[in-house]
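The values are calculated or read from the model by the stated rules, or taken from the named source; none is laboratory data. Computed from a predicted model, the values in this text were never measured in an experiment. Don't worry about glycine lacking a Cβ; one is built from the backbone with ideal geometry, like all the others, and counts go over all protein chains shown.
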Ligand SMILES: Cc1cc2nc3c(=O)[nH]c(=O)nc-3n(C[C@H](O)[C@H](O)[C@H](O)COP(=O)(O)O)c2cc1C
């Protein structure tokens, strides 16, 4: 069978990835607090056979709370617990900081989710880098060496705790009165420079044994951590060349740790505004984010290296401006911004193309998203994508009905789940307890 891509979906605050999503027509402005809404969006992603949901987490909020919703879920584990009860196949992945959690807490809550979802849990083990998050724990962000030092210990400890209840330890035999085989339930007695735990964790294996490790980070320390432990990397990248380099760095790190590089999948971010045509997509994006454009023009100026007038949003760049424009080497999105500007779009339309979005942005018909995904995938730049729909209320269905069938038709995406667990969905090898190779 030819290789097919993995697709995940970002599930954040309950509205969508664009700042104005909370007040779009048809969106319940109270969705931030609605677990039912999140279950519905998860069900829509599952209808599209997506392999996983990704719930990022700080947890903290810094931003324009007067006008915009916080980015994160109320509580990622509670949200996933609700979703676990309302879905059957899709993988459930949440971020859990290795810096601001004790390994025992992480081990327990992720394994409980794994049991509850029948083997669909994944842990995005990240070190956190925001001082806003640290401040919520009364701390400062430690150095990279200390953050990653603690992360290496934490992931090992969590995996050891996951394996501390032997595979066949849970007997629950009413006749003999034997609940569990205590010989197979052992403390782990592990300690390092940063964290320690006696164990055991008192939770039996799930259908996939234990949760799948994800990671998100870009530094050499991140490569090394993911290389040892991760099966999936949640990536952020703007060009095929950069994606290739990042994917290779993670694969090299996995090989260095004694693993098969195919055990680690690099999944790139992508934002979607799927509409009947480009004009309809741009208008939708303007309705969502137009309020920010006067201020974003200031940033676009820096990307293009020419002065721009925020009071003339509906005009394209002049011939002189285009001739003088140079993409900023400081921002990898600048080349694309200049390319769009040269097509003659107005300032407002240039911004509506999402040239300052966090990930490559597709604004237009589903086939354009499918083409983007095919090009990157066939170039060997990615193993798949995690998509951030602009508005969950109709944006998930727009992707599922407008992009997924094209990818399936082209043989690039599966037509149904091949297995039942997240490990099956992402091709992660069986593992119980720590990986003896690393
Ligand atoms: C795509 C992507 C997603 C991330 N998601 C989260 C997240 O949900 N929560 C978080 O605290 N940090 C998140 N991070 C930040 C990383 O944890 C890390 O702190 C940051 O990339 C800095 O990397 P470094 O510590 O390797 O320099 C994410 C990073 C990337 C690239």
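If you go through the range 24-40 one residue at a time, do you hit one that is under 30 Å from residue 381 (Cβ atoms) and surrounded by 15 or more Cβ atoms within 10 Å (Cβ to Cβ)?
The answer is no, given that none of the residues of the range 24-40 is under 30 Å from residue 381 (Cβ atoms) and surrounded by 15 or more Cβ atoms within 10 Å (Cβ to Cβ).
Filtering the range 223-239 down to residues that are near the ligand (Cβ under 10 Å from one of its atoms), over 13 Å from residue 155 (Cα atoms) and crowded, with 22+ Cβ neighbours inside 10 Å, which residue is farthest from the chain's Cα centre (by Cα)?
The extreme case among them is 223.
Please indicate, with yes or no, whether at least one residue in the range 198-207 is surrounded by fewer than 16 Cβ atoms within 10 Å (Cβ to Cβ), within 16 Å of the ligand (Cβ to nearest atom) and at pLDDT 95 or above.
Checking the range 198-207: not a single residue is surrounded by fewer than 16 Cβ atoms within 10 Å (Cβ to Cβ), within 16 Å of the ligand (Cβ to nearest atom) and at pLDDT 95 or above.
Out of everything in the range 86-127 that is within 14 Å of the ligand (Cβ to nearest atom), in a loop (DSSP other than H, G, I, E, B) and touching a helix residue (DSSP H, G or I) at 6+ places or on another chain (Cβ under 7 Å), what residue ends up being nearest to residue 223 (Cα to Cα)?
If we take residues in the range 86-127 being within 14 Å of the ligand (Cβ to nearest atom), in a loop (DSSP other than H, G, I, E, B) and touching a helix residue (DSSP H, G or I) at 6+ places or on another chain (Cβ under 7 Å), then 127 is nearest to residue 223 (Cα to Cα).
Of (1) more than 16 Å from the ligand (Cβ to nearest atom); (2) over 30 Å from residue 9 (Cβ atoms); (3) free of Cβ contacts under 8 Å to residues at least 60 places away in the same chain; (4) outside any strand (DSSP E or B), residue 142 satisfies all except one. Which?
(1)
What are the residues in the range 154-196 that are surrounded by fewer than 20 Cβ atoms within 10 Å (Cβ to Cβ) and within 16 Å of the ligand (Cβ to nearest atom), if any?
194
Having 3 or more residues that are in contact (Cβ under 8 Å) with a residue 60 or more places away in the chain is the bar; report the strands (runs of 3 or more DSSP E) wholly within the range 156-219 that clear it.
Hits in the range 156-219: 212-215.
Please state which one of 207, 182 is out of contact with any strand residue (DSSP E or B) (no Cβ under 9 Å at 6 or more places or on another chain) and over 27 Å from residue 57 (Cα atoms).
182
Hey, does the range 381-392 have a residue that's surrounded by 15 or more Cβ atoms within 10 Å (Cβ to Cβ), over 27 Å from residue 244 (Cα atoms) and in contact (Cβ under 8 Å) with a residue 60 or more places away in the chain?
Yes; the residues of the range 381-392 include at least one that is surrounded by 15 or more Cβ atoms within 10 Å (Cβ to Cβ), over 27 Å from residue 244 (Cα atoms) and in contact (Cβ under 8 Å) with a residue 60 or more places away in the chain.
Within the range 59-74, identify whether any single residue is surrounded by 21 or more Cβ atoms within 10 Å (Cβ to Cβ), under 25 Å from residue 417 (Cβ atoms) and either more than 16 Å from the ligand (Cβ to nearest atom) or in contact (Cβ under 8 Å) with a residue 40 or more places away in the chain (or both), and answer yes or no.
Yes: the range 59-74 contains one or more residues that are surrounded by 21 or more Cβ atoms within 10 Å (Cβ to Cβ), under 25 Å from residue 417 (Cβ atoms) and either more than 16 Å from the ligand (Cβ to nearest atom) or in contact (Cβ under 8 Å) with a residue 40 or more places away in the chain (or both).
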